[in-house]
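Chemist: To start, I am sharing the structure in question, which I have written as structure tokens.
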Amino acid sequence: MRLRLYHHADGARVAYRELGAGPPLALLHSGLLSHKEWEPAVEQLADRFRVVLPDLPLHGDSENNPRHPYTLDWFAEVLGGFVAEVLGPRPLLAGHDAGAEILMHGVLTGDIRPARLVLMPNRMHTEPVHPRLRSAWRWAARGAAVPGLDRLLSQGTRVVFTPQRAARLSARGNPAAANLVRHAFADVPGNSSLARSWARCARAWPRGAQVHLLDLYPRLEMPVLLLWADRDPLHPLAVAEEALQMLPHGQLRVLQSTGFLMAYDDPVGLARELVAFCG
């Protein structure tokens, strides 16, 4: 897969890879990871789609300059421009965790108009699970705005986000998950500019229950697939079951014995469900 770049009107850069030919299908990864989250399933999907794998801003090779606001509105605007230029009209879009939140917000604001939408585990309209852990991350990230702490906190990622911890994100203990986390954090230690950007994002990212999404669900006119894991401790299946009742064109599919990293636990099953839904 070759590295390509999309340049937004405000100068923000979105790096992406693509493989295959056919209808464009973009997969948006979860927070703190990169496009490599989808690597195990890409080749199977590329037989049917032009698979497009962007790095979200603040991740991988994409934009991380602290001059940008990093609000959810800004993410949706940038990704909306990316989708329009790279994928064209009526794209097929899928997102996981933070990627799914950006997609939903983009649909809400009108920046993103998918033909079909796949939402993988995320908090949806509910309170985040483990709010104390999320609050600790938020305060640590915000501390990077203090001069001198930015470099120190970026070095701290070596201790917190170790490859050994990555195995816990896979319900089946796939050792390849360690390489995913290693790649995602390879350029973080010592990167004070990136640390300041994450501080801005931590201040701006919505917290608590996103109850306004309850009004969005009934207005979604496109087919929506909730593709969920059954063993993800951060995003319980009950969240998807509740949302399903409010989606006029929704369906729920569950990948058995999978955790947060579904593509590493069951790449064949993930690809199968995406092909069946997106055609």
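The values are calculated or read from the model by the stated rules, or taken from the named source; none is laboratory data. On a predicted model such as this, the values are computed, not experimentally measured, just so you know. Here the Cβ positions follow ideal geometry from the backbone for every residue, glycine too, while neighbour counts run over all protein chains shown.
Chemist: Give all pairs with beta carbons closer than 6 Å in which a residue from the stretch 208-223 that is at negative phi and of a type outside the set (A, V, I, L, M, F, W, C) meets a residue that is part of a loop (DSSP other than H, G, I, E, B) and modelled with pLDDT of 95 or more; count only pairs at least 6 apart in sequence or on separate chains.
Modeler: 210/125; 217/246; 217/247; 218/246; 223/249
Chemist: Residues of the stretch 60-114 being surrounded by fewer than 21 Cβ atoms within 10 Å (Cβ to Cβ) and under 25 Å from residue 237 (Cα atoms), which ones?
Modeler: Scanning the stretch 60-114 gives a single hit, 108.
Chemist: Applying the selection to the stretch 7-18, what residues are assigned to a strand (DSSP E or B) and surrounded by 20 or more Cβ atoms within 10 Å (Cβ to Cβ)? Break it down into steps so the answer makes sense when it comes.
Modeler: From the stretch 7-18, those assigned to a strand (DSSP E or B) are 7, 13-18; that's our starting set.
The answer is 14, 15, 16, 17, 18.
To keep it simple, each residue is scored yes or no on (1) acidic (Asp, Glu); (2) under 15 Å from residue 85 (Cα atoms); (3) out of contact with any Gly (no Cβ under 9 Å at 6 or more places or on another chain).
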residue	(1), (2), (3)
1	no, no, yes
31	no, no, no
34	no, no, no
52	no, yes, yes
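Chemist: Could you grab me the full set of residues in the stretch 77-116 that are part of a helix (DSSP H, G or I) and under 12 Å from the mean Cα position of the chain (by Cα)? Working first, answer last.
Modeler: Kept after step one, since they are part of a helix (DSSP H, G or I), are these residues of the stretch 77-116: 77-87, 98-109.
Hits for the stretch 77-116 are 79, 98, 99, 100, 101, 102, 103, 104.
Chemist: List the helices (runs of 4 or more DSSP H) inside the stretch 169-279, counting only whole elements, that have at least 1 residues being over 23 Å from residue 93 (Cβ atoms) and of a type in the set (Val, Ile, Thr).
Modeler: Values: elements: 177-184, 192-204, 213-216, 237-244, 262-265, 267-278.
Once the helices (runs of 4 or more DSSP H) in the stretch 169-279 are filtered for at least 1 residues that are over 23 Å from residue 93 (Cβ atoms) and of a type in the set (Val, Ile, Thr), what remains is 177-184.
Chemist: Among the numbered conditions (1) out of contact with any His (no Cβ under 7 Å at 6 or more places or on another chain); (2) under 22 Å from residue 38 (Cβ atoms), tell me where residue 224 comes up short.
Modeler: Tallying (1) out of contact with any His (no Cβ under 7 Å at 6 or more places or on another chain); (2) under 22 Å from residue 38 (Cβ atoms), residue 224 fails exactly one: (1).
Chemist: Return yes or no: is residue 21 at pLDDT below 95 and in a loop (DSSP other than H, G, I, E, B)?
Modeler: Values: at pLDDT below 95: yes; in a loop (DSSP other than H, G, I, E, B): yes.
When the stated conditions are applied, residue 21 passes them.
Chemist: May I pose another question? Does residue 195 count as in contact (Cβ under 8 Å) with a residue 40 or more places away in the chain, of a type in the set (A, V, I, L, M, F, W, C) and in contact with a Ser or Thr (Cβ under 8 Å, 6 or more places away or on another chain)?
Modeler: Numbers: in contact (Cβ under 8 Å) with a residue 40 or more places away in the chain: yes; of a type in the set (A, V, I, L, M, F, W, C): yes; in contact with a Ser or Thr (Cβ under 8 Å, 6 or more places away or on another chain): yes.
Considered against the rule, which asks whether it is in contact (Cβ under 8 Å) with a residue 40 or more places away in the chain, of a type in the set (A, V, I, L, M, F, W, C) and in contact with a Ser or Thr (Cβ under 8 Å, 6 or more places away or on another chain), residue 195 comes out as yes.
Chemist: On the basis of being of a type outside the set (A, V, I, L, M), part of a helix (DSSP H, G or I) and surrounded by 21 or more Cβ atoms within 10 Å (Cβ to Cβ), does residue 38 make the cut?
Modeler: The answer is yes for residue 38.
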